Each structure stands twice: as C-alpha cells, then as structure tokens.
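Peer 1: I have a structure here, written as structure tokens, and I will follow up with some questions on it.
The values are calculated or read from the model by the stated rules, or taken from the named source; none is laboratory data. If you're wondering where the values come from, they're calculated on a predicted model, not measured in any experiment. So basically every Cβ, Gly included, is an ideal-geometry build from the backbone, and we count neighbours across all protein chains shown.
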C-alpha cells in the first residue's frame, strides 16, 4: 500500500513539473533558458554593439543567447528568421521590428504560444503583444536635433531631412520630433524635403547632392540614423558644401571618423550596449517570474557629440564598439 502511495506521489509530481514547463513555454528542466535576439541588421554597428551588451547579460544570468538576423533591413527576411526560431523553440524573443505593422503577424505567433516578446530600438503598432519596449527616447532625440540645427544656422533658412525607411518606428519618431520643434519654435526655418535612402549610403549622398542643386541655399541637414548620416556627409563633401550644417544620428566608426574630420557637426548618440544588456536582463526576469517589476517601456537618453567634445570620455564611451 505504501509503495502504491509513493508511486502515485511521484507521478503527480512529474505531471506538475511537465505541466509547468508546457504552460510556461520554458526549456526543459536542467536546460538553459533560450533567449533569441533578432536585430534589424546584423552588420549595423548599432546592433553589433547591442549584441555585445546582450552577451554580457546572457553570461551574467546564465542563459543561452541566440543571435540571428539578416544583413539587410528587410521585414520578409526577418519574418522567415522568426518562423525558424519559433519552430526551433525559444523561451523569449527580443526583436527589432523592421516594420511597425508588417512584423505584427509573426510576433503574434510567439504571443499565442505564451513566449514573451520584448521590442528593442524600434517597436510595433500593437503594443499588446509586447512585454516591454527598450529604446531611446526617439521623439525627444529628434526634437533636440532640431534645436541643435536651428541654433547652428541662425534660426532661419532651408533644411532637409535624410531618413532611411518609412515604417521604422524609431526613425519615424525622430523625424516627427524634428518636424514638430521646427514648426513650433522656428517659423523662419523651412523643411524643403524629406528623403528616404533605404539604408543605401550612396543613394543618400545622391539625394543630398540633388537637394542642393534644387535649393543651393540649403543651410542644414538632419539625418535620422547611421546610413543617411554617412551618405549625407559624403553628398555634402562631393558638392563642396562644407558650410551646410549636418546633424546626424548614432556613432558608428565611420560617423565618428567623419565627425573628427569636421564633415559632421553634431551626432545624437544612443546607448545600444546598455539597451542590449537591459533587454536580455528583462527577458530573463520575466521568464523567472519577476515580470511585475518590468516597466512597459524603458527609455534611454542620448548624448550629443561634436568635434570639440568627442575626446571627452563621458561622450566617447558611448561610441559604438563593433567587437
């Protein structure tokens, strides 16, 4: 009789363990938790820096980090990668949505399986699918970029915006913040055009050259991320327009070099290493049942780098490492 009772208790215990694993979506008992990180682009220094921070957190918390993405900013390729991860099995997903709408459908598949999803850098238009957003305050960054540019050009004149892709929430918000501050605070500044280079630096350079041909009196350019910034710097150089003020975004090695050479006047610098670390930390805490302590959005402030302050360690410590 006692043997029967013991066997029954063991069976009940096993059922409870396997039920918990099945319901929570966690890896089998004894295995490391698996956290997938799908960046916007694997070759982009911003995301390489975020990967460095994510790896540090993964080592600290003893989880397996799966880093998988495309070298191109492409929502179709990102969708395929996510489908593969769903089949392979992960416990949590950190995603940089390449399109705020198009990535909703594949994210919903993770949500329906009970797999927590954290958006990093960019986000979705359906926030109900996310446990958390880890990002820069992008609208504020665009707002501050507008103030920098306005003051540098004497608060009057023509300017253009060099953007990358429509539908990328981070750069959309930067453009919005820039436009709003110019419209509300600087009525003598005219935004004559907005260009989208689709992450192509050569296209961005051509767009800026064409803008100057159409409006030789352009006084400033705001570029929303790395590739438009580097392309705009090249376009201004080719057009011999060193008098045009360029406010760019991010701090990858090519941007830092251009800043040093006075080809860029200001860089609005994010903190991707810290963002990558925090995204993994939050994913881990959600998985171990501490999700109630996680905010719905974690916002990081930016710093402004110039040719004059770029040697200050309080500034250059945020320049993006790539290895």
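Peer 1: Just checking, does the range 266-275 include any residue being modelled with pLDDT of 95 or more and over 29 Å from residue 56 (Cα atoms)?
Peer 2: Yes, the range 266-275 contains a residue that is modelled with pLDDT of 95 or more and over 29 Å from residue 56 (Cα atoms).
Peer 1: Can you pull out the residues in the range 118-172 that are on the phi > 0 side of the Ramachandran plot, modelled with pLDDT of 95 or more and in a loop (DSSP other than H, G, I, E, B)?
Peer 2: 121, 154, 155
Peer 1: To continue, here is another question. When you go through (1) touching a strand residue (DSSP E or B) at 6+ places or on another chain (Cβ under 9 Å); (2) closer than 15 Å to residue 129 by Cβ; (3) exposed (fewer than 15 other Cβ atoms within 10 Å of the Cβ) one by one for residue 115, which number turns out not to apply?
Peer 2: For residue 115, the failing item is (3).
Peer 1: Can you tell me which condition residue 221 does not meet? The list is (1) modelled with pLDDT under 95; (2) within 25 Å of residue 303 (Cα to Cα), and all the others hold.
Peer 2: Answer for residue 221: the failing condition is (1).
Quick grid of which residues meet (1) surrounded by fewer than 22 Cβ atoms within 10 Å (Cβ to Cβ); (2) assigned to a loop (DSSP other than H, G, I, E, B):
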{"position": "55", "(1), (2)": "yes, no"}
{"position": "58", "(1), (2)": "no, no"}
{"position": "66", "(1), (2)": "yes, no"}
{"position": "72", "(1), (2)": "yes, yes"}
{"position": "76", "(1), (2)": "yes, no"}
{"position": "80", "(1), (2)": "yes, no"}
{"position": "85", "(1), (2)": "yes, no"}
{"position": "94", "(1), (2)": "no, no"}
{"position": "97", "(1), (2)": "no, yes"}
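Peer 1: Kindly indicate which of 273, 299, 278, 267 is in contact with a strand residue (DSSP E or B) (Cβ under 9 Å, 6 or more places away or on another chain) and part of a helix (DSSP H, G or I).
Peer 2: 278
Peer 1: Within the range 183-210, count every residue that is farther than 13 Å from residue 233 by Cα and either assigned to a helix (DSSP H, G or I) or in contact with a strand residue (DSSP E or B) (Cβ under 9 Å, 6 or more places away or on another chain) (or both).
Peer 2: 14
Residue by residue, here is whether (1) under 26 Å from residue 49 (Cα atoms); (2) assigned by TED's automatic domain parsing to the domain that holds residue 244; (3) touching a residue at least 24 places away in the same chain (Cβ under 8 Å) holds:
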{"residue": "88", "(1), (2), (3)": "yes, no, no"}
{"residue": "103", "(1), (2), (3)": "yes, no, yes"}
{"residue": "114", "(1), (2), (3)": "no, no, yes"}
{"residue": "145", "(1), (2), (3)": "yes, yes, yes"}
{"residue": "153", "(1), (2), (3)": "no, yes, yes"}
{"residue": "159", "(1), (2), (3)": "no, yes, yes"}
{"residue": "166", "(1), (2), (3)": "yes, yes, yes"}
{"residue": "184", "(1), (2), (3)": "no, yes, no"}
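Peer 1: Working only within the range 61-80, note down all residues that are touching a residue at least 60 places away in the same chain (Cβ under 8 Å) and out of contact with any helix residue (DSSP H, G or I) (no Cβ under 6 Å at 6 or more places or on another chain).
Peer 2: 72, 73 - these are the residues of the range 61-80 that are touching a residue at least 60 places away in the same chain (Cβ under 8 Å) and out of contact with any helix residue (DSSP H, G or I) (no Cβ under 6 Å at 6 or more places or on another chain).
Peer 1: In the range 289-299, which residues are surrounded by fewer than 16 Cβ atoms within 10 Å (Cβ to Cβ) and touching a residue at least 24 places away in the same chain (Cβ under 8 Å)?
Peer 2: Matches in the range 289-299: 291, 295, 296, 297, 299.
Peer 1: For residue 121, which of the numbered conditions (1) under 27 Å from residue 246 (Cα atoms); (2) without any contact (Cβ under 8 Å) to a residue 12 or more places away in the chain; (3) outside the structural domain of residue 245 (by TED's automatic domain parsing) fails to hold?
Peer 2: (2)
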